[in-house]
Amino acid sequence: MEEFVNELTKALFLNNPLFWLFVIIGIIGIVIFFLRIKVIGDVGEWTVDQKLKELPNDIYKVLDDVMLEINGITHQIDHIVISKYGIFVIETKCYKGLITGKENDYYWYQHLGSKKYKLKNPIHQNYGHIKSISEALNINEKNLTSIVCFTNQSDLRIDVNSIVIQRKDLANKILELSNIEKNINVDNVYNQISTLNIVDKEKRKEHVLNARNKRNETETKINNMICPKCGGQLVIRNGKYGTFTGCSNYPKCNFTKN
Ligand SMILES: [Zn+2]
């Protein structure tokens, strides 16, 4: 009997090319499935590009992956949409899963299962870009709107006044904000930013490296309770919502870490 089962197994499976074909298809399927999950995080920016193409291109001029050096600081800006309704500065975040944070927190958190990863508050990051563009191009800050855009796989549980949305809402959000014409020379702004944009690959690499060093410096300072903004001493304070780390030079310096 055992012999018979063994023979049957061989005939039906092991010696059957069809069986092996299914096994191979199965393995390829599993590999593709996992690769896709891994890749989803990286395609966030590309899919945002697609979303911005939905905007009528006679009204909205789009610049992607802009690198500017303003006052010695490198700004890497994912997308800038220029229109008579305003200049929209878009910071894309390729994070999925539960995202938590508040408007003024230094760090936000991504929760994946029981693990928690910190990310720098993207509102602050984008505000830095906006301030610099406003200064460099001599445009009123009011004409610049910050939009932070997460992937559709994100679950945003954040407490903010600024615009933080999912990719699928991006084009609609910009259209929704296009109600008041502002004093913006669209072609002029587009040309100015294009001229400032660093396109040389080597130069870009250098800037990325410098930015990383600067980031590490900031982290070290904070860990040593030194304010990265003014060099003052950081202190633990009691706030409305519990204790937090802030600069001892407040209100002159409003740095807080959360
Ligand atoms: Zn300070």
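Of all residues in the range 229-238, those being outside any strand (DSSP E or B), open to solvent by less than 60 Å² (accessible area, probe 1.4 Å) and touching a residue at least 12 places away in the same chain (Cβ under 8 Å) number 1. Of the set (1) at positive phi; (2) modelled with pLDDT of 95 or more, all apply to residue 97 but (2).
The residue that is modelled with the lowest pLDDT, among those in the range 239-253 that are open to solvent by 40 Å² or more (accessible area, probe 1.4 Å) and near the ligand (Cβ under 8 Å from one of its atoms), is 250. Just so you know, in the range 199-228 the residues that are assigned to a loop (DSSP other than H, G, I, E, B) and surrounded by 13 or more Cβ atoms within 10 Å (Cβ to Cβ) include one that is farthest from the ligand (Cβ to nearest atom), and it is 225. Confirm whether residue 182 is assigned to a helix (DSSP H, G or I), modelled with pLDDT under 95 and in the same structural domain as residue 72 (by TED's automatic domain parsing). Answer is no for this residue.
Counting only strands (runs of 3 or more DSSP E) that sit wholly inside the range 104-153, those with at least 3 residues that are free of Cβ contacts under 8 Å to residues at least 12 places away in the same chain and open to solvent by 80 Å² or more (accessible area, probe 1.4 Å) are 115-120.
Restricting to the range 87-103, and then to whatever is among the hydroxyl-bearing types (Ser, Thr, Tyr) and part of a strand (DSSP E or B), can you tell me which residue is surrounded by the fewest Cβ atoms within 10 Å (Cβ to Cβ)? That would be 100.
The values are calculated or read from the model by the stated rules, or taken from the named source; none is laboratory data. Computed from a predicted model, the values in this text were never measured in an experiment. We place every Cβ from the backbone using ideal geometry, glycine too, and count neighbours over all the protein chains shown. Only protein heavy atoms, including side chains, enter the accessible area calculation; ligands, DNA and RNA are left aside. Shrake-Rupley method; radii C 1.70, N 1.55, O 1.52, S 1.80 Å.
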